[in-house]
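The values are calculated or read from the model by the stated rules, or taken from the named source; none is laboratory data. Since we're looking at a predicted model, the values are computed, not measured. Positions of Cβ are backbone-derived with ideal geometry, glycine not excepted, and every protein chain shown enters the neighbour counts. Just the protein is used for accessible areas: all its heavy atoms, side chains included, with ligands, DNA and RNA removed. Shrake-Rupley method; radii C 1.70, N 1.55, O 1.52, S 1.80 Å.
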Amino acid sequence: MKYAVLSTEPTPRLLLIFAGWGMDEKPFVGLQREGYTTMIVWDYTDDALPPDVLQAFKEICVVGWSYGVYMGWRWMCLYGQGLPVTARIAINGTPWPIDAERGIAPEIFSATLAGLNEATLLKFNRRMLGGTAAYKAWAAHHPERSIESLRDELSAIANAYATTGSGDPSWWDTVVIASSDLIIPAASQRRAWADHPRLHEVEGPHWLPLSELLNALLVDKERVGHRFSRAVATYEREARVQLDAARHLLQMWRRVRSVPIERMIEIGAGTGLFTRLYVDIFDPQELELWDLIELPAELPGLHRRCDAELAIQALPSASLDAIVSTSSIQWFNSLRRFWREAARTLRSQGLVVVSTFGPSTFHEIRDILSPALPSPYPTLDKILEMLPTELEAIATDDEQYTLCFSSTQELLSHIKKTGVNGTSTSRADALRIASSGLRRLTFEPLYLILRRR
(Lines give C-alpha, C1' and ligand atoms only; values in the text may rest on other atoms or scores of the structure.)
Protein backbone atom coordinates (compact mmCIF):
# COMPACT_ATOMS: atom_id res chain seq x y z
CA MET A 1 0.00 0.00 0.00
CA LYS A 2 0.99 3.59 -0.58
CA TYR A 3 -0.39 6.63 1.18
CA ALA A 4 -0.26 10.41 1.06
CA VAL A 5 -1.42 13.13 3.44
CA LEU A 6 -3.24 15.83 1.47
CA SER A 7 -4.05 18.36 4.18
CA THR A 8 -1.82 21.38 4.61
CA GLU A 9 -2.63 21.93 8.30
CA PRO A 10 -2.53 19.01 10.75
CA THR A 11 -5.57 18.30 12.92
CA PRO A 12 -6.23 15.72 15.66
CA ARG A 13 -8.88 14.01 13.50
CA LEU A 14 -8.10 11.90 10.44
CA LEU A 15 -10.17 11.21 7.36
CA LEU A 16 -8.64 7.91 6.18
CA ILE A 17 -9.74 7.13 2.62
CA PHE A 18 -9.06 3.74 1.06
CA ALA A 19 -9.24 4.45 -2.67
CA GLY A 20 -10.35 2.10 -5.43
CA TRP A 21 -8.27 0.02 -7.82
CA GLY A 22 -5.97 1.90 -10.17
CA MET A 23 -5.74 5.06 -8.10
CA ASP A 24 -3.02 7.20 -6.59
CA GLU A 25 -3.36 10.48 -4.69
CA LYS A 26 -3.71 12.78 -7.72
CA PRO A 27 -7.47 12.46 -8.36
CA PHE A 28 -8.08 13.32 -4.70
CA VAL A 29 -6.05 16.54 -4.54
CA GLY A 30 -8.32 19.22 -3.10
CA LEU A 31 -10.49 16.74 -1.21
CA GLN A 32 -10.98 18.17 2.26
CA ARG A 33 -13.40 17.95 5.17
CA GLU A 34 -12.93 20.91 7.46
CA GLY A 35 -11.65 19.81 10.86
CA TYR A 36 -9.89 16.71 9.48
CA THR A 37 -6.52 15.76 8.08
CA THR A 38 -7.02 13.78 4.86
CA MET A 39 -4.97 10.67 4.06
CA ILE A 40 -5.40 8.69 0.84
CA VAL A 41 -4.39 5.01 0.68
CA TRP A 42 -3.98 3.18 -2.64
CA ASP A 43 -2.22 0.29 -4.42
CA TYR A 44 -3.20 -2.97 -2.72
CA THR A 45 -0.32 -5.10 -3.96
CA ASP A 46 0.77 -5.40 -0.32
CA ASP A 47 -0.39 -4.45 3.18
CA ALA A 48 2.49 -2.06 3.84
CA LEU A 49 0.58 0.76 5.49
CA PRO A 50 2.38 1.13 8.84
CA PRO A 51 -0.20 1.47 11.64
CA ASP A 52 2.09 3.80 13.58
CA VAL A 53 1.45 6.62 11.07
CA LEU A 54 -2.11 6.70 12.45
CA GLN A 55 -1.21 6.76 16.14
CA ALA A 56 -1.07 10.55 16.45
CA PHE A 57 -4.79 11.03 15.75
CA LYS A 58 -7.44 11.05 18.46
CA GLU A 59 -10.25 10.19 16.03
CA ILE A 60 -10.16 8.32 12.71
CA CYS A 61 -13.04 8.23 10.24
CA VAL A 62 -12.60 5.47 7.66
CA VAL A 63 -13.97 5.83 4.14
CA GLY A 64 -13.80 3.02 1.61
CA TRP A 65 -14.52 3.77 -2.03
CA SER A 66 -14.94 1.10 -4.70
CA TYR A 67 -12.52 -1.78 -4.00
CA GLY A 68 -11.29 0.26 -1.05
CA VAL A 69 -14.42 -0.92 0.77
CA TYR A 70 -13.14 -4.48 0.84
CA MET A 71 -9.41 -3.79 1.08
CA GLY A 72 -9.89 -1.07 3.71
CA TRP A 73 -11.99 -3.42 5.87
CA ARG A 74 -9.37 -6.14 5.48
CA TRP A 75 -6.49 -3.87 6.49
CA MET A 76 -8.38 -2.45 9.47
CA CYS A 77 -9.21 -5.95 10.72
CA LEU A 78 -5.62 -7.14 10.34
CA TYR A 79 -3.72 -4.08 11.57
CA GLY A 80 -6.13 -1.42 12.83
CA GLN A 81 -7.29 -2.92 16.10
CA GLY A 82 -7.17 -0.40 18.94
CA LEU A 83 -7.23 2.67 16.70
CA PRO A 84 -9.78 5.36 17.70
CA VAL A 85 -12.13 4.72 14.80
CA THR A 86 -15.63 6.21 14.80
CA ALA A 87 -17.34 6.61 11.42
CA ARG A 88 -16.96 3.87 8.81
CA ILE A 89 -18.42 4.89 5.43
CA ALA A 90 -18.61 2.56 2.42
CA ILE A 91 -19.11 4.25 -0.97
CA ASN A 92 -19.81 2.34 -4.21
CA GLY A 93 -18.22 -0.89 -3.06
CA THR A 94 -19.26 -4.13 -1.36
CA PRO A 95 -17.81 -6.77 1.00
CA TRP A 96 -17.82 -9.15 -2.00
CA PRO A 97 -15.39 -7.62 -4.54
CA ILE A 98 -15.59 -10.54 -6.99
CA ASP A 99 -19.10 -11.95 -6.93
CA ALA A 100 -21.76 -12.58 -9.56
CA GLU A 101 -24.60 -11.17 -7.44
CA ARG A 102 -23.00 -8.73 -4.97
CA GLY A 103 -19.92 -7.28 -6.65
CA ILE A 104 -18.12 -7.42 -9.98
CA ALA A 105 -18.94 -10.67 -11.78
CA PRO A 106 -15.97 -13.10 -11.88
CA GLU A 107 -15.98 -13.29 -15.68
CA ILE A 108 -15.83 -9.49 -15.97
CA PHE A 109 -13.05 -9.31 -13.41
CA SER A 110 -11.06 -11.98 -15.27
CA ALA A 111 -11.63 -10.30 -18.63
CA THR A 112 -10.50 -6.95 -17.22
CA LEU A 113 -7.31 -8.50 -15.89
CA ALA A 114 -6.57 -10.48 -19.06
CA GLY A 115 -7.29 -7.65 -21.49
CA LEU A 116 -5.88 -4.71 -19.58
CA ASN A 117 -4.09 -2.18 -21.79
CA GLU A 118 -4.17 1.56 -22.38
CA ALA A 119 -7.31 1.39 -24.52
CA THR A 120 -9.32 -0.75 -22.08
CA LEU A 121 -8.17 1.39 -19.15
CA LEU A 122 -9.44 4.51 -20.94
CA LYS A 123 -12.80 2.80 -21.49
CA PHE A 124 -12.92 1.79 -17.84
CA ASN A 125 -12.20 5.32 -16.64
CA ARG A 126 -14.86 6.82 -18.90
CA ARG A 127 -17.43 4.40 -17.48
CA MET A 128 -16.23 5.18 -13.97
CA LEU A 129 -16.69 8.93 -14.51
CA GLY A 130 -20.04 8.60 -16.26
CA GLY A 131 -19.06 9.73 -19.76
CA THR A 132 -16.49 11.43 -21.95
CA ALA A 133 -17.15 14.99 -20.78
CA ALA A 134 -16.65 14.12 -17.12
CA TYR A 135 -13.55 12.12 -18.00
CA LYS A 136 -11.95 15.07 -19.80
CA ALA A 137 -12.31 17.22 -16.68
CA TRP A 138 -10.96 14.42 -14.48
CA ALA A 139 -8.07 13.49 -16.79
CA ALA A 140 -5.99 16.48 -15.73
CA HIS A 141 -5.55 14.70 -12.38
CA HIS A 142 -5.57 11.08 -13.53
CA PRO A 143 -3.43 8.55 -11.66
CA GLU A 144 0.09 7.93 -12.90
CA ARG A 145 0.20 4.15 -12.79
CA SER A 146 1.74 1.69 -15.23
CA ILE A 147 -0.37 -1.05 -16.79
CA GLU A 148 1.91 -3.61 -15.14
CA SER A 149 1.28 -2.13 -11.69
CA LEU A 150 -2.48 -2.18 -12.32
CA ARG A 151 -2.35 -5.85 -13.31
CA ASP A 152 -0.36 -6.65 -10.18
CA GLU A 153 -2.88 -4.81 -8.04
CA LEU A 154 -5.88 -6.63 -9.54
CA SER A 155 -4.12 -9.95 -8.96
CA ALA A 156 -3.35 -8.97 -5.36
CA ILE A 157 -7.01 -8.07 -4.72
CA ALA A 158 -8.13 -11.43 -6.14
CA ASN A 159 -5.59 -13.26 -3.95
CA ALA A 160 -6.64 -11.30 -0.86
CA TYR A 161 -10.29 -12.19 -1.47
CA ALA A 162 -9.45 -15.85 -2.06
CA THR A 163 -7.43 -15.93 1.17
CA THR A 164 -9.60 -13.84 3.50
CA GLY A 165 -13.09 -14.42 2.12
CA SER A 166 -15.95 -11.95 2.14
CA GLY A 167 -15.98 -8.83 4.26
CA ASP A 168 -18.34 -8.00 7.11
CA PRO A 169 -21.22 -5.71 6.05
CA SER A 170 -21.97 -4.82 9.68
CA TRP A 171 -18.48 -3.31 10.12
CA TRP A 172 -19.60 -0.29 8.09
CA ASP A 173 -21.81 2.35 9.72
CA THR A 174 -23.02 4.04 6.56
CA VAL A 175 -23.34 2.85 2.98
CA VAL A 176 -23.72 5.02 -0.12
CA ILE A 177 -24.74 3.61 -3.51
CA ALA A 178 -24.69 5.59 -6.76
CA SER A 179 -27.73 4.64 -8.81
CA SER A 180 -25.88 5.04 -12.15
CA ASP A 181 -22.76 3.09 -11.19
CA LEU A 182 -21.51 1.13 -14.22
CA ILE A 183 -18.44 -0.36 -12.53
CA ILE A 184 -19.97 -2.16 -9.56
CA PRO A 185 -23.60 -2.25 -10.72
CA ALA A 186 -26.04 -0.52 -8.40
CA ALA A 187 -28.26 -3.62 -8.43
CA SER A 188 -25.35 -5.71 -7.13
CA GLN A 189 -24.65 -3.16 -4.42
CA ARG A 190 -28.30 -3.14 -3.36
CA ARG A 191 -28.22 -6.91 -2.96
CA ALA A 192 -24.98 -6.75 -0.98
CA TRP A 193 -26.29 -4.17 1.47
CA ALA A 194 -29.97 -5.15 1.52
CA ASP A 195 -30.21 -5.44 5.31
CA HIS A 196 -27.97 -2.53 6.25
CA PRO A 197 -29.68 -0.02 8.61
CA ARG A 198 -27.92 3.08 7.25
CA LEU A 199 -28.14 2.90 3.48
CA HIS A 200 -28.32 5.91 1.16
CA GLU A 201 -28.75 5.94 -2.60
CA VAL A 202 -27.72 9.02 -4.56
CA GLU A 203 -27.68 9.84 -8.26
CA GLY A 204 -24.30 9.64 -9.97
CA PRO A 205 -21.65 7.37 -11.49
CA HIS A 206 -19.02 5.25 -9.75
CA TRP A 207 -16.87 8.34 -9.12
CA LEU A 208 -18.81 10.68 -6.84
CA PRO A 209 -18.01 14.20 -5.54
CA LEU A 210 -16.61 12.95 -2.24
CA SER A 211 -16.13 16.38 -0.65
CA GLU A 212 -19.85 17.17 -0.79
CA LEU A 213 -20.79 13.70 0.37
CA LEU A 214 -18.41 13.71 3.34
CA ASN A 215 -19.51 17.21 4.34
CA ALA A 216 -23.01 15.75 4.70
CA LEU A 217 -21.97 12.59 6.55
CA LEU A 218 -19.20 13.78 8.91
CA VAL A 219 -19.24 16.39 11.67
CA ASP A 220 -16.63 19.09 12.19
CA LYS A 221 -16.61 18.77 15.98
CA GLU A 222 -14.21 21.65 16.52
CA ARG A 223 -16.68 23.92 14.74
CA VAL A 224 -19.57 22.49 16.76
CA GLY A 225 -17.76 23.29 20.01
CA HIS A 226 -16.81 26.76 18.83
CA ARG A 227 -20.35 27.65 17.76
CA PHE A 228 -21.89 26.41 21.00
CA SER A 229 -19.30 28.28 23.05
CA ARG A 230 -20.30 31.49 21.30
CA ALA A 231 -24.00 30.77 21.87
CA VAL A 232 -23.86 29.98 25.61
CA ALA A 233 -25.23 33.38 26.68
CA THR A 234 -28.26 33.15 24.37
CA TYR A 235 -28.84 29.41 24.17
CA GLU A 236 -31.49 28.88 26.85
CA ARG A 237 -33.46 31.95 25.79
CA GLU A 238 -33.63 30.74 22.18
CA ALA A 239 -33.61 26.93 22.48
CA ARG A 240 -37.37 26.45 22.79
CA VAL A 241 -37.45 23.12 20.98
CA GLN A 242 -34.50 21.77 22.96
CA LEU A 243 -36.16 22.75 26.27
CA ASP A 244 -39.41 21.05 25.29
CA ALA A 245 -37.43 17.97 24.27
CA ALA A 246 -35.63 17.91 27.63
CA ARG A 247 -38.91 18.14 29.52
CA HIS A 248 -40.52 15.43 27.39
CA LEU A 249 -37.55 13.11 27.92
CA LEU A 250 -37.67 13.70 31.67
CA GLN A 251 -41.36 12.73 31.78
CA MET A 252 -40.58 9.48 29.95
CA TRP A 253 -37.68 8.78 32.30
CA ARG A 254 -39.80 9.35 35.41
CA ARG A 255 -42.42 6.88 34.17
CA VAL A 256 -39.75 4.24 33.62
CA ARG A 257 -37.72 4.98 36.76
CA SER A 258 -34.67 2.79 37.33
CA VAL A 259 -32.46 1.10 39.86
CA PRO A 260 -30.68 3.53 42.25
CA ILE A 261 -28.10 5.49 40.30
CA GLU A 262 -24.63 5.17 41.74
CA ARG A 263 -22.70 6.51 38.74
CA MET A 264 -24.05 8.45 35.78
CA ILE A 265 -22.72 10.57 32.92
CA GLU A 266 -24.54 13.24 30.97
CA ILE A 267 -23.29 13.81 27.44
CA GLY A 268 -23.54 17.33 26.05
CA ALA A 269 -24.56 19.00 29.31
CA GLY A 270 -24.01 22.45 27.79
CA THR A 271 -25.66 25.16 29.88
CA GLY A 272 -27.20 22.58 32.22
CA LEU A 273 -30.69 22.85 30.75
CA PHE A 274 -31.40 19.13 31.26
CA THR A 275 -29.12 18.72 34.28
CA ARG A 276 -31.17 21.07 36.42
CA LEU A 277 -34.37 19.21 35.54
CA TYR A 278 -33.26 15.74 36.63
CA VAL A 279 -30.55 16.13 39.27
CA ASP A 280 -32.78 16.47 42.34
CA ILE A 281 -35.24 13.84 41.12
CA PHE A 282 -32.76 11.04 40.48
CA ASP A 283 -29.95 12.19 42.79
CA PRO A 284 -27.02 10.21 41.31
CA GLN A 285 -24.25 9.51 43.83
CA GLU A 286 -21.56 10.18 41.21
CA LEU A 287 -22.38 12.48 38.31
CA GLU A 288 -20.07 13.42 35.45
CA LEU A 289 -21.00 16.11 32.95
CA TRP A 290 -19.27 15.85 29.56
CA ASP A 291 -19.17 18.41 26.79
CA LEU A 292 -16.99 19.81 24.03
CA ILE A 293 -17.16 23.21 25.73
CA GLU A 294 -16.29 24.52 29.18
CA LEU A 295 -19.25 23.90 31.48
CA PRO A 296 -20.71 26.49 33.90
CA ALA A 297 -19.00 26.22 37.26
CA GLU A 298 -22.29 26.21 39.18
CA LEU A 299 -23.47 22.93 37.65
CA PRO A 300 -23.20 19.86 39.91
CA GLY A 301 -20.91 16.89 39.50
CA LEU A 302 -17.50 16.39 37.95
CA HIS A 303 -17.00 18.38 34.76
CA ARG A 304 -15.09 16.92 31.85
CA ARG A 305 -14.33 18.72 28.60
CA CYS A 306 -14.06 15.97 26.00
CA ASP A 307 -15.39 14.39 22.85
CA ALA A 308 -17.87 11.98 24.42
CA GLU A 309 -17.88 9.69 21.39
CA LEU A 310 -14.22 8.96 22.07
CA ALA A 311 -14.18 9.33 25.86
CA ILE A 312 -16.75 6.58 26.37
CA GLN A 313 -14.41 4.11 24.65
CA ALA A 314 -11.95 4.52 27.53
CA LEU A 315 -14.46 3.79 30.32
CA PRO A 316 -14.28 0.44 32.14
CA SER A 317 -16.93 -2.12 31.26
CA ALA A 318 -20.01 -2.34 33.52
CA SER A 319 -19.10 0.92 35.29
CA LEU A 320 -22.24 3.04 34.78
CA ASP A 321 -25.87 2.96 35.86
CA ALA A 322 -27.10 5.59 33.43
CA ILE A 323 -26.04 7.54 30.35
CA VAL A 324 -28.24 10.53 29.55
CA SER A 325 -28.19 13.15 26.82
CA THR A 326 -30.53 15.63 25.16
CA SER A 327 -30.04 17.16 21.72
CA SER A 328 -26.38 16.13 21.50
CA ILE A 329 -25.71 12.67 20.05
CA GLN A 330 -26.69 13.84 16.55
CA TRP A 331 -23.15 15.30 16.48
CA PHE A 332 -21.59 11.83 16.75
CA ASN A 333 -19.91 10.40 13.67
CA SER A 334 -20.93 6.83 14.51
CA LEU A 335 -24.15 6.32 16.41
CA ARG A 336 -23.80 2.54 16.01
CA ARG A 337 -20.42 2.58 17.75
CA PHE A 338 -21.89 4.68 20.56
CA TRP A 339 -24.67 2.16 21.20
CA ARG A 340 -22.11 -0.64 21.41
CA GLU A 341 -19.99 1.36 23.84
CA ALA A 342 -23.06 2.24 25.93
CA ALA A 343 -23.99 -1.44 26.17
CA ARG A 344 -20.44 -2.30 27.22
CA THR A 345 -20.15 0.38 29.91
CA LEU A 346 -23.60 -0.08 31.50
CA ARG A 347 -24.27 -2.39 34.40
CA SER A 348 -27.20 -4.82 34.23
CA GLN A 349 -30.51 -2.90 34.10
CA GLY A 350 -28.66 0.35 33.49
CA LEU A 351 -30.35 2.92 31.26
CA VAL A 352 -29.57 5.05 28.23
CA VAL A 353 -31.90 8.07 28.30
CA VAL A 354 -31.49 10.21 25.18
CA SER A 355 -33.15 12.56 22.75
CA THR A 356 -31.78 13.28 19.31
CA PHE A 357 -33.18 14.47 15.96
CA GLY A 358 -34.75 12.70 13.00
CA PRO A 359 -34.42 13.24 9.23
CA SER A 360 -37.04 15.99 8.91
CA THR A 361 -34.87 18.26 11.03
CA PHE A 362 -33.70 21.32 9.08
CA HIS A 363 -34.93 19.74 5.84
CA GLU A 364 -35.69 23.24 4.57
CA ILE A 365 -32.00 24.15 4.72
CA ARG A 366 -30.91 20.86 3.12
CA ASP A 367 -33.43 21.46 0.32
CA ILE A 368 -31.62 24.72 -0.44
CA LEU A 369 -28.01 23.66 0.02
CA SER A 370 -27.80 19.96 -0.83
CA PRO A 371 -31.11 18.39 -1.92
CA ALA A 372 -29.40 15.40 -3.55
CA LEU A 373 -27.36 14.44 -0.49
CA PRO A 374 -28.54 12.17 2.33
CA SER A 375 -29.86 13.49 5.61
CA PRO A 376 -27.33 13.07 8.43
CA TYR A 377 -30.17 12.13 10.80
CA PRO A 378 -31.54 8.56 10.82
CA THR A 379 -35.18 7.68 11.46
CA LEU A 380 -36.25 6.20 14.78
CA ASP A 381 -36.75 2.80 13.13
CA LYS A 382 -33.23 2.91 11.68
CA ILE A 383 -31.80 3.83 15.07
CA LEU A 384 -33.54 0.84 16.63
CA GLU A 385 -32.03 -1.40 13.93
CA MET A 386 -28.57 -0.21 15.01
CA LEU A 387 -28.95 -1.35 18.63
CA PRO A 388 -26.80 -4.25 19.83
CA THR A 389 -28.67 -7.20 21.33
CA GLU A 390 -27.55 -6.17 24.84
CA LEU A 391 -29.78 -3.07 24.69
CA GLU A 392 -33.56 -3.22 24.63
CA ALA A 393 -35.79 -0.23 23.89
CA ILE A 394 -38.30 0.13 26.71
CA ALA A 395 -39.74 3.50 25.65
CA THR A 396 -39.57 5.54 22.44
CA ASP A 397 -41.36 8.54 21.01
CA ASP A 398 -41.05 11.15 18.29
CA GLU A 399 -42.46 14.61 17.65
CA GLN A 400 -42.25 17.34 15.06
CA TYR A 401 -42.05 21.10 15.53
CA THR A 402 -42.10 23.86 12.94
CA LEU A 403 -40.79 27.22 14.05
CA CYS A 404 -41.96 30.23 12.05
CA PHE A 405 -40.00 33.46 11.81
CA SER A 406 -40.88 36.94 10.62
CA SER A 407 -37.89 37.02 8.28
CA THR A 408 -34.98 34.94 7.01
CA GLN A 409 -32.67 37.14 9.05
CA GLU A 410 -34.57 36.23 12.22
CA LEU A 411 -34.28 32.55 11.29
CA LEU A 412 -30.52 32.84 10.80
CA SER A 413 -30.24 34.75 14.07
CA HIS A 414 -32.06 31.92 15.87
CA ILE A 415 -29.63 29.37 14.44
CA LYS A 416 -26.66 31.48 15.52
CA LYS A 417 -27.99 32.05 19.03
CA THR A 418 -28.52 28.33 19.62
CA GLY A 419 -25.22 27.26 18.02
CA VAL A 420 -26.89 24.53 15.95
CA ASN A 421 -25.16 25.48 12.71
CA GLY A 422 -22.03 23.55 13.61
CA THR A 423 -21.94 21.76 10.27
CA SER A 424 -22.14 24.86 8.10
CA THR A 425 -19.06 24.85 5.91
CA SER A 426 -19.00 28.22 4.14
CA ARG A 427 -20.14 31.81 4.15
CA ALA A 428 -21.62 31.12 0.72
CA ASP A 429 -24.09 28.68 2.33
CA ALA A 430 -25.33 31.38 4.69
CA LEU A 431 -25.73 33.79 1.78
CA ARG A 432 -27.75 31.23 -0.19
CA ILE A 433 -30.08 30.73 2.78
CA ALA A 434 -30.36 34.49 3.31
CA SER A 435 -31.41 35.04 -0.30
CA SER A 436 -33.94 32.18 -0.27
CA GLY A 437 -36.65 33.90 1.76
CA LEU A 438 -36.80 30.91 4.14
CA ARG A 439 -38.91 31.58 7.25
CA ARG A 440 -39.65 28.10 8.60
CA LEU A 441 -37.53 25.50 10.34
CA THR A 442 -38.59 21.95 11.15
CA PHE A 443 -37.30 19.97 14.12
CA GLU A 444 -38.02 16.27 14.64
CA PRO A 445 -37.05 15.24 18.18
CA LEU A 446 -36.64 11.50 18.75
CA TYR A 447 -36.71 9.97 22.24
CA LEU A 448 -35.25 6.66 23.38
CA ILE A 449 -34.94 4.94 26.74
CA LEU A 450 -32.87 1.80 26.47
CA ARG A 451 -32.09 -0.78 29.12
CA ARG A 452 -29.06 -3.05 29.45
CA ARG A 453 -30.32 -6.63 29.50
(message) Once ligands and nucleic acids are excluded and a 1.4 Å probe is used, how much of VAL5 is accessible, expressed in Å² to the nearest 10?
(response) 80 Å²
(message) Rounded, prolate or oblate for region 179-329? Axes are the square roots of the Cα gyration tensor eigenvalues, ordered a ≥ b ≥ c, and the cut-off for rounded is a/c under 1.5.
(response) prolate
(message) Given N residues in region 334-449, what is its alpha carbon radius of gyration divided by 2.2 N^0.38 Å?
(response) 1.27
(message) Which order do you get for CYS404, CYS306, CYS61 if you rank them by accessible area with a 1.4 Å probe, largest at the top?
(response) CYS404, CYS306, CYS61
(message) Compute, for the chain, the length of the dipole vector about the Cα centre, with Cβ point charges of +1 (Lys, Arg) and -1 (Asp, Glu) only. Units Debye, rounded to 20.
(response) 660 debye
(message) If each DSSP helix of 4+ residues adds -39,500 (n - 2.57) and the sum is divided by the residues in the chain, what number results at 222 nm, nearest 500 deg cm²/dmol?
(response) -11000 deg cm²/dmol
(message) Below 8 Å between Cα atoms, with a sequence gap of 6+, how large is the relative contact order for region 210-336 in percent?
(response) 30 percent
(request) With a/c under 1.5 counting as rounded, go ahead and sort region 28-185 into rounded, prolate or oblate using the C-alpha gyration tensor (a ≥ b ≥ c being the square roots of the eigenvalues; past the cut-off, prolate if a/b is larger than b/c, else oblate). (result) prolate
(message) Going Cα to Cα from LYS26, which lysines come in below 16 Å? Please leave out same-chain ones fewer than 8 positions away.
(response) LYS2, LYS136
(request) Would you mind telling me the antiparallel percentage of the DSSP bridges in the chain, rounded to 5? (result) 35 percent
(request) Just subtract the alpha-carbon distance of ALA434 and CYS404 from 0.36 nm times their residue separation and send over the number in nm, one decimal. (result) 9.3 nm
(request) Mind jotting down a quarter of the surface of the convex hull over the alpha carbons of region 274-391, in square nanometres, one decimal? (result) 8.7 nm²
(request) Would you calculate the volume per residue, in Å³, of the smallest convex hull containing every Cα atom of the chain? (result) 141 Å³
(message) Suppose R0 equals 22 Å. What FRET efficiency, 1/(1 + (r/R0)^6) with r the Cβ-Cβ distance, do SER110 and SER149 give to the nearest 0.05?
(response) 0.70
(request) Quick one: dipole size for region 1-152, taken about the Cα centre, charges +1 on Lys/Arg Cβ and -1 on Asp/Glu Cβ, in debye to the nearest 20. (result) 420 debye
(message) Accessible area per residue for the chain in Å², computed with a 1.4 Å probe and the full protein assembly in place, what is it?
(response) 41 Å²
(request) Ratio to report: Rg/Rh of region 1-107, with Cα atoms as the point set and Rh obtained by the Kirkwood method; give two decimals. (result) 0.97
(message) So for region 232-280, considering every pair of alpha-carbon atoms, how many percent are separated by more than 11 Å?
(response) 73 percent
(request) Run the quick spin-label model on SER170 and ALA100: label points 7 Å from Cα toward the beta carbon, then report their separation in nm to one decimal. (result) 2.8 nm
(request) Would you calculate the separation in nanometres between label points at LEU302 and SER180, each defined as 7 Å from the Cα along the Cα-to-beta-carbon direction? (result) 5.5 nm
(message) I'd like to know which of SER170, ALA114, ALA156 lies farthest towards the positive end of the charge dipole of region 91-175, counting +1 on Cβ of Lys and Arg and -1 on Cβ of Asp and Glu.
(response) ALA114
(message) Suppose the chain between LYS382 and VAL29 were pulled fully straight at 0.36 nm per residue; how much longer would it get relative to their current alpha carbon spacing?
(response) 123.6 nm
(request) May I ask for the distance between the Cα centers of region 298-315 and region 144-159, given as a whole number of Å? (result) 47 Å
(message) Loop only by DSSP, 14 or fewer other Cβ within 10 Å of the Cβ. Give me the trypsin sites (Lys or Arg not before Pro) in region 58-155 that pass, ordered by residue number.
(response) LYS58
(request) Pop out the carbon and sulfur fraction of the accessible area of the chain as a percent, whole number, probe 1.4 Å. (result) 50 percent
